Amino acid sequence: MIIYDKEFCRIEFNKDKGVLSQHWNGFTDSESFKEAIMFTLDFFQKEPSAKYLISDTLNQKAVRPEDGEWVAKEINPLLVKAGLKKMAFVMPQNVITQIGVKNFSTKTDAPMNINFLTTFEDALKWIIS
């Protein structure tokens, strides 16, 4: 079920599996990026069946390093506190964005089970295993 739909990001939730998936598209300015991230956090805090997060960055362009660090330092601990068990990234085609996504996982202080995969299908298989 689609729960958020903007040009830069579509968010879906599969309640049966407890999987929230973000599908990023193109460049996202800081304000829009934070809006989608805050929507995700709010959803996890309100929906007890949400346990897993897939961030499909395949078609995403690089986000500002400060925005990635904000998520890693500020948002990830809150997601874990809200019940996040696993997070998977579908790796982007853009090399600069790949670096940003990989750096994201090293900057978080939250104890997170994170994996980086090449397709959404692989991410979904891993996340529910």
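Bear in mind that the values in this text are calculations on the coordinates, not laboratory data. Every value quoted in this text rests on a predicted model; they were computed, and no experiment measured them. Glycine also receives a Cβ, built like all others from the backbone with ideal geometry; neighbour counts cover every protein chain displayed.
Check the straight Cα-Cα distances from Lys6 and name the aspartates and glutamates below 19 Å, setting aside those fewer than 8 residues away within the same chain.
Hits, sequence-local ones excluded: Asp29, Glu31, Glu35, Asp42, Asp56, Asp67.
Per-residue HN-Hα couplings for segment 110-116, Karplus 6.51 cos²θ - 1.76 cosθ + 1.60 at θ = phi - 60°, whole Hz, x for Gly and Pro?
Taking θ as phi minus 60°, the curve returns 6, x, 10, 9, 10, 9, 10 Hz for segment 110-116.
Taking θ = phi - 60°, what integer Hz values does the Karplus form 6.51 cos²θ - 1.76 cosθ + 1.60 yield along segment 64-74, in sequence order, with x for Gly and Pro?
4, x, 5, 5, x, 5, 4, 5, 4, 8, 9
How big is the gap, in Å, between the Cα center of segment 80-128 and the Cα center of segment 29-78?
With segment 80-128 and segment 29-78 each reduced to a Cα centre, they are spaced 11 Å.
Would you work out if segment 2-127 is rounded, prolate or oblate? Take a ≥ b ≥ c from the square roots of the eigenvalues of the alpha-carbon gyration tensor; rounded if a/c is under 1.5, else prolate when a/b is larger than b/c, oblate otherwise. Spell out each step's value before the answer.
Details: a/c = 1.26, a/b = 1.21, b/c = 1.04.
It comes out rounded by the Cα gyration axes.
If you build a Gaussian network model of the chain, linking Cα atoms that sit under 10 Å apart, which residue out of Ile54, Ile96, Ile37 swings the most?
Ile96
Top mean-square fluctuation among Lys73, Lys46, Lys107, Gaussian network model of the chain, C-alpha springs under 10 Å?
Of Lys73, Lys46, Lys107, the Gaussian network model singles out Lys46 as fluctuating most.
Hey, if you put +1 on the Cβ of every Lys and Arg and -1 on every Asp and Glu Cβ in segment 2-127, which of Asn94, Gln22, Pro111 ends up farthest toward the positive end of that dipole?
The residue sitting most towards the positive pole is Pro111.
Looking at the chain only, what percent of DSSP beta bridges run antiparallel? Nearest 5 please.
Values: 9 of 25 bridges.
That works out to approximately 35 percent antiparallel.
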